[in-house]
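Trainee: Take a look at this one; I'll ask things after.
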Amino acid sequence: MKVGLTYDLKTDYRFKENDPPDANAEFDHPSTIDVIAKAIKANGFEVHKIGNVAKVLETLDKIKVDIVFNISEGLVGRNRESQVPILLEMANIPYVGSDSLTLALSLDKVMAKKVFLSEDIPSPRFLEVKNMESLHGLDHMKFPLFVKPRCEGSSKGLSEASRVENKEELYKQVEFVVNTYKQPALVEEFIRGEEFTVGVVGNDPPEVLPIVQIKIDGKLKLKDKFYTFGHIKSDTLEYVCPAQIPEKLQHKLSTLALKTYQAIECLDFGRIDFRVDEKGNPYVLEINPLPSLSTEDVFPLFAKAVGMTYEDIVGKILQAALKRYNIQ
Ligand SMILES: Nc1ncnc2c1ncn2[C@@H]1O[C@H](COP(=O)(O)OP(=O)(O)O)[C@@H](O)[C@H]1O
Ligand SMILES: [Mg+2]
């Protein structure tokens, strides 16, 4: 059986004038694509590397594969992660992972939070800020606040200045996000405490993987610390898997991870990011229906914690999709 691979490479990205330094942060290193291709082969499949959405568009009627393993982040706009899946769907080519609606919905953190609200999934209180006037709706929110771009991932647009203590800092950071990332800002209450990320694999039923806890500067009690683009590039960030936490919290996080995965109709795999406040209340920050499969990221740790290899977990994700399409 032949598996196509769609992806975006950091090395393909051409920086434009005024691009922030993290403009290509979501894209993958060529080595990650090689490692995924190797894992797919280790599961007994042939691999055909296709490339990004432009390549898919160019070669759509010539793509002869049984299924596509899609990890393409897409090129522009809040629907960018949906571009490859919608083309494949049009051409009736099966693909691994969530569909266009789920991908677009969760890349747009404001839209995702509206779904969380309607499903009683706890998430930090928020305000969407399109322009400076919308900051007048801020009265129900308590400082410190956190300012992020509405439709980005991989900690894009986040730095030590993202956590703001007062109106002056807030205005400055909102202005930075709106001007630099050309999109509204999402302002949330800052959750002091601890941080976790939870992987989910499969569909009927989805399986919640062991919880990963984030350690920053050697600390688990993060208080005011958080995960920035700068941390990813340094060695101040560590992952603890499985997280050494009480069973009650483990249960809360696993149940919420599953509920979030199902609420946005995630398929085959996904990862949910959490903060837990100092009283032990969990908040979903976001769901990633296209989480990184890089060996530097957390998926290999999830696998190890359940006695699987990286190849096994890639195989499990692929098998979940094949089963869904009834291909065998
Ligand atoms: N409301 C918040 N309170 C505290 N920290 C936050 C909050 N929102 C985001 N963060 C920090 O910023 C990081 C990135 O935010 P997240 O919403 O997961 O976006 P991304 O898509 O960039 O991963 C989180 O891992 C966390 O450390
Ligand atoms: Mg995140």
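Trainee: In terms of modelled amide H atoms, which long-range or inter-chain residues lie less than 5 Å from the amide H of GLU286?
Mentor: ASP273
Trainee: Right, here's the next one. Angle between the Cα long axis of helix 310-324 and the longest principal axis of the chain, 0 to 90 degrees, nearest 10?
Mentor: Orientation of helix 310-324: about 80 degrees from the principal axis.
Trainee: Hey, another quick one. Counting only protein heavy atoms and using a 1.4 Å probe, what share of the accessible area of the chain belongs to carbon plus sulfur, as a whole percent? Could you put the intermediate results ahead of the total?
Mentor: Numbers: 7830 of 15280 Å².
Percent of accessible area from carbon and sulfur atoms in the chain: 51.
Trainee: For ALA54 and ALA161, what does the FRET efficiency come to when R0 = 45 Å and r is the distance between their Cβ atoms, rounded to the nearest 0.05?
Mentor: The pair ALA54/ALA161 has a calculated efficiency of 0.85.
Trainee: With runs of 4+ DSSP H residues as the only contributors, calculate the mean residue ellipticity of the chain at 222 nm using -39,500 (n - 2.57) per run, divided by the residue total and rounded to the nearest 500.
Mentor: -9500 deg cm²/dmol
Trainee: Taking H placed 1.01 Å from N in the peptide plane, check which residues at least 5 places from SER98 or on another chain put their amide H under 5 Å from its amide H.
Mentor: Here the answer is LEU267, PHE269, since their amide H atoms fall under 5 Å of that of SER98.
Trainee: Also, quick follow-up: Remind me, relative contact order of the stretch 2-96 in percent, using alpha carbon pairs under 8 angstrom and six or more residues apart? Each step should come with its number before you reach the end.
Mentor: Numbers: 134 pairs, mean separation 35.7, N = 95.
Value for the stretch 2-96: 38 percent.
Trainee: Related question: Please label the shape of the stretch 191-291 as rounded, prolate or oblate, based on the square roots a ≥ b ≥ c of the eigenvalues of the alpha-carbon gyration tensor (a/c under 1.5 means rounded; beyond that, a/b larger than b/c means prolate, else oblate).
Mentor: On the way: a/c = 1.95, a/b = 1.48, b/c = 1.32.
The shape class here is prolate.
Trainee: Taking the stretch 191-228, which trypsin sites (Lys or Arg not before Pro) meet the DSSP loop condition and have no more than 16 other C-beta atoms within 10 Å? Don't skip to the answer; put the middle values down first.
Mentor: Values: sites: ARG192, LYS215, LYS219, LYS221, LYS223, LYS225; in loops: ARG192, LYS221, LYS225.
Those that pass, being in a loop and sparsely packed, are LYS221.
Trainee: While we're here: Sorting check: for 3-9, 135-141, which peptide has the highest mean count of neighbouring beta carbons within 10 Å, and how do the rest follow? Write out the running numbers ahead of the final one.
Mentor: Numbers: 3-9: 22.4, 135-141: 11.4.
Packing order, densest peptide first, comes out as 3-9, 135-141.
Trainee: Taking only protein heavy atoms and a 1.4 Å probe, what accessible area per residue, in Å², does the chain have with all protein chains in place? Please list the in-between numbers first.
Mentor: Numbers: 15280 Å² over 328 residues.
Ligands and nucleic acids excluded, the figure is 47 Å² per residue.
Trainee: List the pairs from LYS219/LYS279; LYS148/LYS279; LYS2/LYS55; LYS16/LYS114; LYS252/LYS323 whose alpha-carbon separation is above 21 Å, in the order I gave them.
Mentor: LYS148/LYS279; LYS16/LYS114; LYS252/LYS323
Trainee: Which whole-number percent of Cα pairs in the chain have a distance greater than 28 Å? Before the final figure, lay out each step's value.
Mentor: Details: 21194 of 53628 pairs.
Taking all Cα-Cα pairs of the chain, the fraction more than 28 Å apart is 40 percent.
Trainee: What share of the DSSP beta bridges in the chain is antiparallel, in percent to the nearest 5?
Mentor: About 75 percent, rounded to the nearest 5.
Trainee: Report relative contact order for the chain in percent, whole number only (criteria: Cα-Cα under 8 Å, sequence separation at least 6).
Mentor: The value is 18 percent.
Trainee: Take the alpha-carbon centre of the stretch 1-80, take the same for the stretch 125-172, and report the distance between them in whole Å.
Mentor: A separation of 32 Å, based on Cα centres.
Trainee: DSSP loop (so not H, G, I, E, B), at most 10 other Cβ within 10 Å: list which trypsin sites (Lys or Arg not before Pro) in the stretch 2-36 pass both filters.
Mentor: ARG14, LYS16
Trainee: Quick one: net charge of ALA257's neighbours, Cβ under 11 Å, K/R +1, D/E -1?
Mentor: Cβ neighbours under 11 Å give a net charge of +1.
Trainee: Is the shape of the stretch 2-96 rounded, prolate or oblate, going by the alpha carbon gyration tensor and its root eigenvalues a ≥ b ≥ c, with a/c under 1.5 for rounded and a/b larger than b/c for prolate?
Mentor: Here the stretch 2-96 falls in the oblate category.
Trainee: Compute the distance in nm between two label points, each set 7 Å from the Cα along the Cα-to-Cβ direction, one at LYS41 and one at ASP217.
Mentor: 4.4
The values are calculated or read from the model by the stated rules, or taken from the named source; none is laboratory data. Only a predicted model underlies this, so the values are computations on that prediction, with no experimental measurement involved. Note that each Cβ is placed from the backbone with ideal geometry, even for glycine, and that neighbours are counted across all protein chains shown. Protein only, heavy atoms only, side chains kept; ligands, DNA and RNA dropped before computing areas. Shrake-Rupley method; radii C 1.70, N 1.55, O 1.52, S 1.80 Å.
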